[in-house]
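Trainee: Just dropping this structure here.
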Amino acid sequence: MELYSGPINKLIEELASLPGIGEKSASRLAFHLINLPTSRVQRLADTLMEAKEKVRYCSTCFTLTDGDVCPVCSNDKRDHSTVMVVENSRDLAAYEKTGKYMGVYHVLHGAISPMLGIGPSDIRLKELIERLKSDEISEVIIATNSSLEGETTAMYISKLIKPTGVKVTRIASGVPVGGDLECIDEVTLLRALEGRTEI
Ligand code: ZN
């Protein structure tokens, strides 16, 4: 027997398919949404659609942005010869929040994971190599997470870039093992950046 009506079940299912939302949270959210005034629900729906339609990848660093080139890449005051490689836009935001990193970024949108079947061609790695060929880049700072996937990705990138003569560094392990960059405080992030070593 179905506990709720079809549309509610469907809503719960949709919400439960989002990351970090379990069955319980999904049904709580679903009922919350149903009880909101129609205008609020419409606003939420419009906001979702607007974000989906307007947000795209920066043509240089591949972070999510609403223009062709993101604010960091289009900023002349940034050091465009230093590129920090991060796994996602949230990690970029974490470093941007420190306000101390003056270089630019490259967002991979994932990490290599043989276990999950995610290979080098499934992340924005080819684009990074292309960038190294065309731009004047003197250092690539690998700031992937210190998880198994993050380390595997760092090693892979390092091996790939080394022959080009570009300096490759890895942020220090002030970042706890298995830790997500976005959850780490700014002081730790900066310490990890300052303590980076050549690999
Ligand atoms: Zn960019």
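Trainee: With each pseudo-label sitting 7 Å past Cα toward Cβ, what's the SER121-LYS10 distance in nm, one decimal?
Mentor: Spacing of the two 7 Å Cα→Cβ label points: 3.7 nm.
Trainee: Follow-up. What aspartates and glutamates sit close enough to LYS54 to cross-link, taking a C-alpha to C-alpha distance under 19 Å and skipping anything fewer than 8 places away on the same chain?
Mentor: ASP46, ASP66, ASP68
Trainee: Among 139-148, 189-198, how do they line up by average Cβ neighbours within 10 Å per residue, starting with the highest?
Mentor: Going by the mean number of other Cβ atoms within 10 Å, highest first, we get 139-148, 189-198.
Trainee: Moving on. Cross-link candidates for LYS10: which lysines have Cα within less than 17 Å, leaving aside residues fewer than 8 places away along the same chain?
Mentor: LYS24
Trainee: Report, in degrees rounded to the nearest 10, the 0 to 90 angle that the Cα long axis of helix 6-16 makes with the longest principal axis of the chain.
Mentor: Value to nearest ten degrees: 20.
Trainee: Here is a further query. Roughly what angle does helix 23-35 make with the longest principal axis of the chain, taking Cα atoms, 0 to 90 degrees, to the nearest 10?
Mentor: 60
Trainee: Filter LYS100/LYS133; LYS52/LYS159; LYS77/LYS133 down to the pairs with a C-alpha to C-alpha distance above 31 Å, please. Let's see the in-between values first.
Mentor: On the way: LYS100/LYS133 27 Å; LYS52/LYS159 36 Å; LYS77/LYS133 22 Å.
Pairs exceeding the cut-off: LYS52/LYS159.
Trainee: Just want the answer: with Cβ charges of +1 for Lys and Arg and -1 for Asp and Glu, which residue in SER17, HIS32, ALA45 is farthest toward the dipole's positive end in segment 6-54?
Mentor: The listed residue farthest towards the positive side: HIS32.
Coordinate-derived values only; no laboratory data. On a predicted model such as this, the values are computed, not experimentally measured, just so you know. Cβ atoms come from the backbone with ideal geometry, glycine included; neighbour counts cover every protein chain shown.
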